[in-house]
1. Looking at Ala95, Ala44, Ala62, Ala87 in this structure, which one is exposed (fewer than 15 other Cβ atoms within 10 Å of the Cβ) and not β-branched (Val, Ile, Thr)?
2. Does Thr49 satisfy the condition of being among the hydroxyl-bearing types (Ser, Thr, Tyr), in contact (Cβ under 8 Å) with a residue 40 or more places away in the chain, open to solvent by less than 70 Å² (accessible area, probe 1.4 Å) and under 27 Å from Gly17 (Cα atoms)?
3. For segment 109-151: of the residues being within 18 Å of Asn196 (Cβ to Cβ) and assigned to a loop (DSSP other than H, G, I, E, B), which is least open to solvent (accessible area, probe 1.4 Å)?
4. Enumerate the pairs (first residue in segment 166-182 and over 16 Å from Lys132 (Cβ atoms) and in contact (Cβ under 8 Å) with a residue 12 or more places away in the chain; second residue anywhere and open to solvent by 70 Å² or more (accessible area, probe 1.4 Å) and in a strand (DSSP E or B)) with beta-carbon separation below 6 Å, excluding pairs fewer than 6 apart on the same chain, so at least 6 apart or on different chains.
5. So Glu192 ticks every box in (1) open to solvent by 80 Å² or more (accessible area, probe 1.4 Å); (2) over 24 Å from Trp75 (Cβ atoms) but one. Which box is left unticked?
6. Identify, please: which residue in segment 178-189 is open to solvent by less than 100 Å² (accessible area, probe 1.4 Å) and in a loop (DSSP other than H, G, I, E, B) and is, among those, modelled with the highest pLDDT?
7. Condition (residue is within 30 Å of Ala154 (Cβ to Cβ), open to solvent by less than 100 Å² (accessible area, probe 1.4 Å) and under 28 Å from the mean Cα position of the chain (by Cα)) applied to segment 2-22: is it met by at least one residue?
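The values are calculated or read from the model by the stated rules, or taken from the named source; none is laboratory data. Everything quoted here is computed from the prediction, not taken from an experiment. Positions of Cβ are backbone-derived with ideal geometry, glycine not excepted, and every protein chain shown enters the neighbour counts. For the accessible areas, the whole protein counts, side chains as well, though only heavy atoms, and no ligand, DNA or RNA atoms are used. Shrake-Rupley method; radii C 1.70, N 1.55, O 1.52, S 1.80 Å.
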Amino acid sequence: DLPTGGVRINFIPRDGGNRFANSAFFNFSNESPQGDNFSSELKAAGLATPTRTVSNFDLNEAFGGPIRRDKVWFWFSTRYNGVKNEAGIFENANAFKPNEWLYVPTTTPSVNKGQQFNNSLRVTYQATPKIKIAGTYKADKWCQCPGNISATRALEAGYDRRFPRLRQEHAEVTSPITNRLLFEAVGMHLYERWGNMHMRVDPGH
């Protein structure tokens, strides 16, 4: 029984092997390939500026191989992702000024920003021909900072959705008892801290 519905995925981690291997993926985009449907009707309806992509990228790199052939292997993977999107509203000239209460639009669009870092290292030890011991250490963090800015929500009314730390330690032992029976013991420790938090103001504001 599970508390929620949805897709369930079973991950089988890579152990590395007796030869070094690499896997890499990268994509990138900016404002150049996008269209513009900002019409006079939308402007008359109250949309000050259209939403648009400023930049986004996603870099994934993984590398692994033998520490000791036929005995100990490793596999390391990392991901760095960043995104910036104009939010459909201009910045406020009076933002973060405690003595000014009115929204005075500038000509600079507000931007939602996000960054994500993921790193994991797995080491596998073939203790005997039938006993394999493996351990994985994973550390992640990401931040939508600032986030939730929109055509109806100014920059200073947004907030940060931060995931400042996720740490996971995972250990396992597997051994085939027979060709029909597999013994497996797994232990895991998970620490995470995340949520909607007060926005950290950029030094430029």
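1. On the way: Ala95 fails: exposed (fewer than 15 other Cβ atoms within 10 Å of the Cβ); Ala62 fails: exposed (fewer than 15 other Cβ atoms within 10 Å of the Cβ); Ala87 fails: exposed (fewer than 15 other Cβ atoms within 10 Å of the Cβ).
Within the list Ala95, Ala44, Ala62, Ala87, the selection yields Ala44.
2. Values: among the hydroxyl-bearing types (Ser, Thr, Tyr): yes; in contact (Cβ under 8 Å) with a residue 40 or more places away in the chain: yes; open to solvent by less than 70 Å² (accessible area, probe 1.4 Å): yes; under 27 Å from Gly17 (Cα atoms): no.
For Thr49, the condition - among the hydroxyl-bearing types (Ser, Thr, Tyr), in contact (Cβ under 8 Å) with a residue 40 or more places away in the chain, open to solvent by less than 70 Å² (accessible area, probe 1.4 Å) and under 27 Å from Gly17 (Cα atoms) - is not met.
3. Only one residue tops the list, namely Ile149.
4. So the pair list comes out as Leu166/Glu192; Arg167/Tyr191; Gln168/Leu190; Glu169/Tyr137; Glu169/His189.
5. Only one criterion is unmet by Glu192, namely (2).
6. Out of the qualifying residues, it is Leu181.
7. Applying the first criterion (within 30 Å of Ala154 (Cβ to Cβ)) to segment 2-22 yields none.
Checked segment 2-22: no residue is within 30 Å of Ala154 (Cβ to Cβ), open to solvent by less than 100 Å² (accessible area, probe 1.4 Å) and under 28 Å from the mean Cα position of the chain (by Cα).
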